[in-house]
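The block underneath contains the structure these notes are about, expressed in structure tokens.
The values are calculated or read from the model by the stated rules, or taken from the named source; none is laboratory data. Not measured: the values here are computed from a predicted model. Neighbour counts are summed over all protein chains in view; Cβ atoms, including those assigned to glycine, are modelled from backbone coordinates with ideal geometry. Just the protein is used for accessible areas: all its heavy atoms, side chains included, with ligands, DNA and RNA removed. Shrake-Rupley method; radii C 1.70, N 1.55, O 1.52, S 1.80 Å.
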Amino acid sequence: MESCIFCKIVNKELDAKIVFEDDTCIAFEDISPQAPVHILLIPKKHIESIDRIEKEDLKIVTHLIGKISEIARKRGIKSYRVVSNVGEESGQSVFHLHFHILGGRRMNWPPG
Ligand code: 5GP
Ligand code: ZN
């Protein structure tokens, strides 16, 4: 997995603006923000996507979900969108599970 850019961020081989970190996960600013607040929350463990979550990973994923409101509150957004693209057709470009936390502007629905 040494070629995965998010693993490189986890291992501090690649710089990122980290907004939260603990033993299980790390959250950092998206390099190409699509909203005034655009944070990526990822597990430290390399999991390809939601589609590849194994039973033993569920604790990790629950932990991540539990951190979202904390991160959003810290950034002062009360209304926000959480997105996880699964597979190329949906827009996934980095194949290490991540939740986009987007906020600070009005969002459209349905998404494009
Ligand atoms: P996806 O397209 O897989 O849903 O989301 C990947 C996200 O990672 C994109 O929003 C993209 O801007 C972001 N991204 C790609 N490379 C880097 C990087 O090196 N650093 C940071 N901070 N974000 C990145
Ligand atoms: Zn990875």
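Across segment 5-103, C-alpha contacts under 8 Å between residues 6 or more apart give a mean separation that, scaled by the residue count, equals a relative contact order of 32 percent.
Near the amide H of I26, within less than 5 Å, lie the amide hydrogens of I42, K44, all on another chain or at least 5 residues away, with H placed in the peptide plane. Is the C-alpha gyration tensor of the chain telling us rounded, prolate or oblate? Criteria: a/c under 1.5 is rounded; beyond that, a/b larger than b/c is prolate, otherwise oblate. Rounded, because the longest to shortest axis ratio a/c is under 1.5. For the chain, taking a cut-off of 4.7 Å between Cβ atoms, the unpaired cysteines are C25. Rounded to the nearest 500, the 222 nm mean residue ellipticity of the chain from helices alone is -6500 deg cm²/dmol, with -39,500 (n - 2.57) taken per DSSP H run of at least 4 residues.
Computed from the C-beta positions of K12 and K74 and an R0 of 30 Å, the FRET efficiency is 0.90 to the nearest 0.05. Normalised per residue, the accessible area of the chain is 65 Å², obtained with a 1.4 Å probe and no contribution from ligands, DNA or RNA.
For segment 5-103, lysine pairs separated by 8 or more sequence positions, or belonging to different chains, with Cα-Cα distances below 12 Å total 4. One decimal place: the segment E89-S3 gains 28.8 nm when fully extended, by the rule 0.36 nm per residue minus the C-alpha distance.
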